[in-house]
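In what follows, a single structure is set out as structure tokens and then discussed.
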Amino acid sequence: MTQRRIVTGLFISADGVVGAPEQWTFQHTTEEAGALIGALVAEADTMLLGRTTYEVPCPRLPATSAHLCDP
């Protein structure tokens, strides 16, 4: 059995807030930050998301990616 790496990517504010990223991250995301997030996601072969993290982006996905939100 091959060991795999576990990599975590968190949205965390300068004062340590992790909760409710949908309320504060998107307004502060730059193109550079978006590229870094995209690279992190692109490298992953498996993603573990919490319910809210899973449900929040679904309405924003283009129709070609909507299948990713199917239960």
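The values are calculated or read from the model by the stated rules, or taken from the named source; none is laboratory data. For clarity, every value in this text was computed on a predicted model and none was experimentally measured. A quick note on method: Cβ atoms are made from the backbone with ideal geometry, for glycine too, and the neighbour counts reach across all protein chains shown.
Taking the stated definitions as given, is Gly38 modelled with pLDDT of 80 or more and farther than 23 Å from Cys69 by Cα?
Against the criterion (modelled with pLDDT of 80 or more and farther than 23 Å from Cys69 by Cα), Gly38 does not qualify.
Assuming Val17 fulfils every condition listed in (1) at pLDDT 75 or above; (2) among the aliphatic types (A, V, I, L, M); (3) exposed (fewer than 10 other Cβ atoms within 10 Å of the Cβ) apart from one, which condition is it?
(3)
Out of the residues in the range 39-54 that are within 20 Å of Arg4 (Cα to Cα) and in a helix (DSSP H, G or I), state the one that is farthest from the chain's Cα centre (by Cα).
Selected residue: Glu43.
Of all residues in the range 21-38, which are in a helix (DSSP H, G or I), exposed (fewer than 12 other Cβ atoms within 10 Å of the Cβ) and not hydrophobic (A, V, I, L, M, F, W, C)?
Once the filter is applied, which keeps residues that are in a helix (DSSP H, G or I), exposed (fewer than 12 other Cβ atoms within 10 Å of the Cβ) and not hydrophobic (A, V, I, L, M, F, W, C), the range 21-38 yields Gln23, Gln27, His28, Glu31, Glu32, Gly34, Gly38.
Are there any pairs with C-beta distances below 7 angstrom linking a residue in the range 12-31 that is of a type in the set (Val, Ile, Thr) to a residue that is surrounded by fewer than 10 Cβ atoms within 10 Å (Cβ to Cβ), with the two at least 6 apart or on different chains, and if so which?
Ile12/Val18; Val18/Leu10
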